[in-house]
1. Less than 13 Å Cβ to Cβ from SER105, Lys/Arg counted +1 and Asp/Glu -1: what total charge do the surrounding residues give?
2. First obtain the Kirkwood hydrodynamic radius of region 1-97 from its Cα pairs, then insert it into the Stokes-Einstein equation at 4 °C and 1.567 mPa s, and state the resulting D in µm² per second as a whole number.
3. What is the angle, in °, between the Cα long axis of helix 64-75 and the longest principal axis of the Cα atoms in the chain? Nearest 10 is fine, range 0 to 90.
4. Using only the Cα atoms of region 31-154, what do you get for the radius of gyration and for Dmax, in Å?
5. If contacts are Cα pairs under 8 angstrom and at least 6 residues apart, what is the relative contact order of region 1-119 in percent?
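Computed from the coordinates by the stated procedures, all read-outs in this text should not be read as laboratory data. For clarity, every value in this text was computed on a predicted model and none was experimentally measured. Don't worry about glycine lacking a Cβ; one is built from the backbone with ideal geometry, like all the others, and counts go over all protein chains shown.
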Amino acid sequence: MIAVDHVAELAPHVGEELGVSDWVLLDEEAIASFGKVTGDTHWVHMDADRARRETPFGSSIAHGFFILSLVTGLSGQCYAVRNASRWMNYGVDRVRFTAVVAAGSRLRLRLKLLELEPAKAGTRLRFGCTLELEGSERPAAVCEWICIAYEGEG
């Protein structure tokens, strides 16, 4: 993990890995909760018994967007900017879900700083995100995440 006082102090780290998060468990309960909240209640996510019977995965599987939603929270274990007053998600590019994540699997985030650019009222950061799937050669997902960091009251 890298920690700095100001966003600009991350500039020398463009092109570098900032950190790797702890492993997080995606169990059936978490997957079902995500499905209920988002309305994506397809049986492959919500019905573990049926998923065991009718799929090659051996259990229910995590939603791709559930996996993607972990990026923001896990990134806090990879880097910190102490004087950032707020952050805004700007978007996600090049999203790929590259492996099935069965219930009971563990993921972690590997975060690389790809770009840092002054924006109108803050600094735009582009991160390379790899959500590693424990025990798999393939990651669960990869993407480029863009956010804007603000310092001060502006």
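1. Computed value for this residue: -1.
2. So the translational diffusion coefficient is about 81 µm²/s.
3. Orientation of helix 64-75: about 40 degrees from the principal axis.
4. Considering region 31-154 through its Cα atoms, Rg and Dmax are 16.9, 55 Å.
5. Normalised by residue count, the contact order of region 1-119 is 47 percent.
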